[in-house]
Amino acid sequence: MKPQHTRTLTMRSRVRDLLATPVGRDVVDKVLLFSGAPRWVLAPVRHLRLGTIDRLTRRWTGVGTDGASLVEVVLRLATMPVREAGQAVASGPEPWWKSAVFYQIYPASFADSNGDGIGDLRGIIEHLDHLVELDVDCLWLSPIFDSPGRDQGYDIRDYRSVLAAMGTMDDLDELIDACHSRGLRIILDLVVNHTSVEHPWFQRAITDPSAPERGYYFFRDGQPDTPPNNWRSFFSGPAWTWSDEAGAWVLHLFDASQVDLDWSNPSVRDEVAAIVRFWLDRGIDGFRMDVINYISKAPGLPDGHPFVERLLEFTGIEHYFHGPQLHEHLAELRREGFTRADGSTAVMIGETPGIGVEIGRLLSGAGRGELDLVFNFDGLDTPGHTRWDDYRYDLRHLVDFWLDANVRSPDAWVALFVENHDNPRIVSKVLGSQASDPALRAQVAKLIGTIELTMRGTAFLFQGQELGAINEPFTGPDQLRDVESLNRLAGANSDDAAWTAVLAGSRDHARTPVRWTEHQDDSAAWLPGHERTPGFSVAAQRADPDSVLAWYRSLIALRHEHSALSTGDLTLIRRGGHLVVWQRSDAESTWLVEVNLGPRARRRLLRPDGQVQCSTSNQTDEHRISGWSAIITKVGPAR
Ligand code: GLC
Ligand code: CA
């Protein structure tokens, strides 16, 4: 797929030409995903001209305030020039992060060393053994920087100091050393789409209109009753707040206290590169980069299209999810910030909500000199659903999504994840209320771990995933802390429907303290946990060879021992109903992974000739594979 296509696309082009452009393909995929429509609906329209589609759909999809129809908006996105890759692919050893298992720590809820209710850096240092035993390769710490905490640290006040409740700079230095001396790497979270309103840059910007920092943000003149455009905030309400102090509107894609930086200003980009260099000099191995695909906004900040609003219940995103200067900014930041004096680069992992596989390749393709990995969120919900729906997630979607991403990304490496601090627990999404059955819960947790750790790509685990954590039985809003959930409830018309949605999708499910012991007292924690099913703490699972934790440990060990399971080739062998079989192989070994992604036992699709390495169920035999199960078989020394 060459960007050249983009230059010639017009209303006379056909749907198939649009699908041959990276952005066109991703946008169409997104519409299918949101509407839940199957891919074959495209077959009869592939040959139609875009102009025809435009005439047929214009009345239904509406026009924006600039008069543009949906097809015109898509055409504009698909024809936006994309930076040509400059760098040749360096030959040499594979980068370390390709075969790594990352472990995400949400520091406020990992381990609290001084009992003040907030997890801290000393708590992490004291619990490093857990991570060493699990044998993960790299820790990713969600933000630990000085912050007023409106969005749990994703609103930064000072990028060069540690939040007092988390510890001190010395603690952080000690943690970095402790990781490195145990063979672990460590990355931090770079939140630079926005700063906190309490950041000194913003403070100077609002108190002194002539300060250079005024140009760091999006201030717009106007009347206090008419925001500059119709964009919405991800945390409910308009993306603009009138600042009396500044006498102007100010843009915030997230909470009103998280004000967007204007990356078209070179000083902003210099500041960010300096922050990155500051932390690399202190020894960190890279960054996960928060909503990094949102940093470039369309000039003039035009209104969002009404059809996008209908589809996503959200407005404006088409003007910044893949903005005009995004690729240039990332390439520059890689050069100016992430490249060390010796020419090596620290790892750049983009959190990139809203992108599809093709834009992911443009952002992280080998030799493009931008990001190393991207988080693509399209695998996290079954097509036709969002995080706020109370529904059962279908694991077939996860497997299909990762298989497809691998087939379509020969030039980019896939990031594998099923959980993070922004999503409910995957076992609950799959099992719903049945997750209260401990045996079923453990079974499904092991199955998911098997899928993730035998797929091709870099695996990211989120704290608690290795224990089979499930959603919290929250009983009311007073038990929640997250600004996203609370705003959603506050803005809702119907209490019942809003509560059902929040209970399904709240980020707080993932943010309660890690259960280190069976009878842990969380009552003083900033966000107390309530889920207390016996057997799902670290202490209990350490002592149990059949536990979810033991399973994760043995799988990570297997993945480390046999490169075929991480970086080897991936081939789909068979699929039927809920059963899927894939193969992993390299010069050293060949493996078959069979999974049953449904509740009922089934006849196996094949009987591999080889040695069963492990199986999640002891009821599986030569002919049958039990429900929610996986079997890993070593079928040969080499391909
Ligand atoms: C990312 C973070 C999320 C945060 C948001 C705004 O999506 O993962 O936790 O609220 O960005 O920074
Ligand atoms: Ca503490």
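Only one of these is in a loop (DSSP other than H, G, I, E, B) and under 27 Å from the mean Cα position of the chain (by Cα): His530, His519, His560. Name it. If you could, list the steps in order and put the result at the bottom.
Values: His519 fails: under 27 Å from the mean Cα position of the chain (by Cα); His560 fails: in a loop (DSSP other than H, G, I, E, B).
Within the list His530, His519, His560, the selection yields His530.
Any chance segment 477-491 includes a residue that's modelled with pLDDT under 95 and part of a loop (DSSP other than H, G, I, E, B)?
There is at least one residue in segment 477-491 that is modelled with pLDDT under 95 and part of a loop (DSSP other than H, G, I, E, B).
Go through Gly123, Gly92, Gly117, Gly86 for me and flag whichever is within 16 Å of ligand 2 (Cβ to nearest atom) and in a loop (DSSP other than H, G, I, E, B). So that I can check it myself, show each step before the final result.
Numbers: Gly123 fails: in a loop (DSSP other than H, G, I, E, B); Gly92 fails: within 16 Å of ligand 2 (Cβ to nearest atom); Gly86 fails: within 16 Å of ligand 2 (Cβ to nearest atom).
None of the other options fit; the residue is Gly117.
Could you grab me the full set of residues in segment 587-639 that are over 19 Å from Leu572 (Cβ atoms) and among the polar types (S, T, N, Q)?
Gln611, Gln613, Ser615, Thr616, Ser617, Asn618, Gln619, Thr620, Ser626
Give, as residue ranges, the strands (runs of 3 or more DSSP E) completely inside segment 248-305 that count at least 1 residues that are among the small types (Gly, Ala, Ser) and touching a Lys or Arg at 6+ places or on another chain (Cβ under 9 Å). Explain how you work it out, then say what you get.
On the way: elements: 248-251, 258-260, 286-289.
Passing ranges, in order: 248-251, 286-289.
Quick one: in segment 608-639, which of the residues that are polar (S, T, N, Q) and assigned to a strand (DSSP E or B) is surrounded by the most Cβ atoms within 10 Å (Cβ to Cβ)?
Start the filter on segment 608-639 by keeping residues that are polar (S, T, N, Q), which leaves 611, 613, 615-620, 626, 629, 633.
Retained after the next criterion (residues that are assigned to a strand (DSSP E or B)): 611, 613, 615, 629, 633.
Values: Gln611: 10, Gln613: 18, Ser615: 19, Ser629: 26, Thr633: 22.
So the residue we want is Ser629.
Quickly run through segment 169-206 and pick out the residues that are within 16 Å of ligand 2 (Cβ to nearest atom) and surrounded by 15 or more Cβ atoms within 10 Å (Cβ to Cβ).
Step one: of segment 169-206, the residues within 16 Å of ligand 2 (Cβ to nearest atom) are 170-172, 174-175.
Passing the criteria: Asp171, Leu172, Glu174, Leu175.
Taking segment 592-607, which residues are touching a Leu at 6+ places or on another chain (Cβ under 6 Å) and surrounded by 21 or more Cβ atoms within 10 Å (Cβ to Cβ)?
Asn596, Leu597
From the set of residues in segment 153-168 that are touching a Pro at 6+ places or on another chain (Cβ under 9 Å) and closer than 21 Å to Val272 by Cβ, which is nearest to ligand 2 (Cβ to nearest atom)?
Only one residue fits best here, namely Leu163.
Check Thr512, Thr500 and return the single one that is away from ligand 1 (no atom under 14 Å from the Cβ), β-branched (Val, Ile, Thr), out of contact with any strand residue (DSSP E or B) (no Cβ under 6 Å at 6 or more places or on another chain) and within 18 Å of Ile426 (Cβ to Cβ). I'd like the intermediate steps shown before the answer.
Values: Thr500 fails: within 18 Å of Ile426 (Cβ to Cβ).
Result: Thr512 is the single residue among Thr512, Thr500 that is away from ligand 1 (no atom under 14 Å from the Cβ), β-branched (Val, Ile, Thr), out of contact with any strand residue (DSSP E or B) (no Cβ under 6 Å at 6 or more places or on another chain) and within 18 Å of Ile426 (Cβ to Cβ).
Residues are listed down the side, and each one gets a yes or a no for (1) away from ligand 1 (no atom under 16 Å from the Cβ); (2) among the hydrophobic types (A, V, I, L, M, F, W, C); (3) farther than 12 Å from Val197 by Cα:
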| position | (1), (2), (3) |
| --- | --- |
| Trp240 | yes, yes, yes |
| Ser243 | yes, no, no |
| His252 | no, no, no |
| Asp255 | no, no, no |
| Gln258 | no, no, no |
| Leu261 | no, yes, no |
| Asn265 | yes, no, yes |
| Asp270 | yes, no, yes |
| Trp279 | yes, yes, yes |
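Could you tell me which of the residues Phe460, Phe474 is at pLDDT 95 or above, part of a loop (DSSP other than H, G, I, E, B), within 20 Å of His421 (Cα to Cα) and not hydroxyl-bearing (Ser, Thr, Tyr)? First the steps, then the outcome.
Working: Phe460 fails: part of a loop (DSSP other than H, G, I, E, B).
Exactly one residue qualifies, and that residue is Phe474.
Provide a single number: the residues in segment 506-522 that are closer than 14 Å to Asn420 by Cα and among the charged types (D, E, K, R).
3
Here's the yes/no breakdown for (1) part of a strand (DSSP E or B); (2) closer than 24 Å to Ser233 by Cβ; (3) more than 16 Å from ligand 1 (Cβ to nearest atom):
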site	(1), (2), (3)
Asp170	no, no, yes
Leu175	no, no, yes
Cys179	no, no, yes
Leu188	yes, no, no
Val192	no, yes, no
Ser210	no, no, yes
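Results for (1) within 16 Å of ligand 1 (Cβ to nearest atom); (2) under 30 Å from Ala346 (Cβ atoms); (3) touching a residue at least 40 places away in the same chain (Cβ under 8 Å), shown as yes or no for each residue.
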residue	(1), (2), (3)
Ala43	no, no, no
Thr52	no, no, no
Val71	no, no, yes
Thr79	no, no, yes
Lys98	no, yes, yes
Asn114	no, no, no
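What are the residues in segment 322-350 that are out of contact with any helix residue (DSSP H, G or I) (no Cβ under 6 Å at 6 or more places or on another chain) and closer than 21 Å to Val31 by Cα, if any?
If the condition is that a residue be out of contact with any helix residue (DSSP H, G or I) (no Cβ under 6 Å at 6 or more places or on another chain) and closer than 21 Å to Val31 by Cα, then Gly323 is the only one that fits.
The rows are residues; the columns are (1) under 19 Å from Ala539 (Cβ atoms); (2) free of Cβ contacts under 8 Å to residues at least 24 places away in the same chain; (3) surrounded by fewer than 18 Cβ atoms within 10 Å (Cβ to Cβ).
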| residue | (1), (2), (3) |
| --- | --- |
| Pro107 | no, no, no |
| Phe110 | yes, no, no |
| Ile118 | no, no, no |
| Leu121 | no, no, no |
| His130 | yes, no, no |
| Ser142 | no, no, no |
| Asp146 | no, yes, no |
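Within the set of pairs 6+ apart or on separate chains, which have a first residue in segment 529-545 that is under 19 Å from Gln443 (Cβ atoms), a second that is among the basic types (Lys, Arg) and assigned to a loop (DSSP other than H, G, I, E, B), and C-beta atoms under 7 Å apart?
If the second residue must be among the basic types (Lys, Arg) and assigned to a loop (DSSP other than H, G, I, E, B), the pairs left are Phe536/Arg515; Ser537/Arg515.
For (1) closer than 24 Å to Leu333 by Cβ; (2) not hydrophobic (A, V, I, L, M, F, W, C), each residue gets a yes or a no:
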residue	(1), (2)
Ile156	yes, no
Ser161	yes, yes
Asp177	no, yes
Ala205	yes, no
Arg220	no, yes
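Which numbered condition trips up Ala246, out of (1) closer than 24 Å to Gly64 by Cβ; (2) touching a residue at least 12 places away in the same chain (Cβ under 8 Å)?
(1)
Considering only segment 7-51, how many residues are hydroxyl-bearing (Ser, Thr, Tyr) and in contact with a strand residue (DSSP E or B) (Cβ under 9 Å, 6 or more places away or on another chain)? I'd like the intermediate steps shown before the answer.
Residues of segment 7-51 that are hydroxyl-bearing (Ser, Thr, Tyr), as a first pass: 8, 10, 13, 21, 35.
Subset that is in contact with a strand residue (DSSP E or B) (Cβ under 9 Å, 6 or more places away or on another chain): 13.
Count: 1.
Which one is farthest from the chain's Cα centre (by Cα) among residues in segment 285-337 that are of a type in the set (Gly, Ala, Ser) and within 23 Å of Thr195 (Cα to Cα)?
Kept after step one, since they are of a type in the set (Gly, Ala, Ser), are these residues of segment 285-337: 286, 296, 298, 300, 304, 316, 323, 331, 337.
Filter again for within 23 Å of Thr195 (Cα to Cα), leaving 286, 296, 298, 300, 316, 323, 331, 337.
Numbers: Gly286: 16, Ser296: 19, Ala298: 23, Gly300: 29, Gly316: 20, Gly323: 19, Ala331: 21, Gly337: 22 Å.
For segment 285-337, the residue satisfying everything is Gly300.
The values are calculated or read from the model by the stated rules, or taken from the named source; none is laboratory data. This is a predicted model, so every value here is computed, not measured. Backbone-built Cβ (ideal geometry, glycine too); neighbour counts: all protein chains shown.
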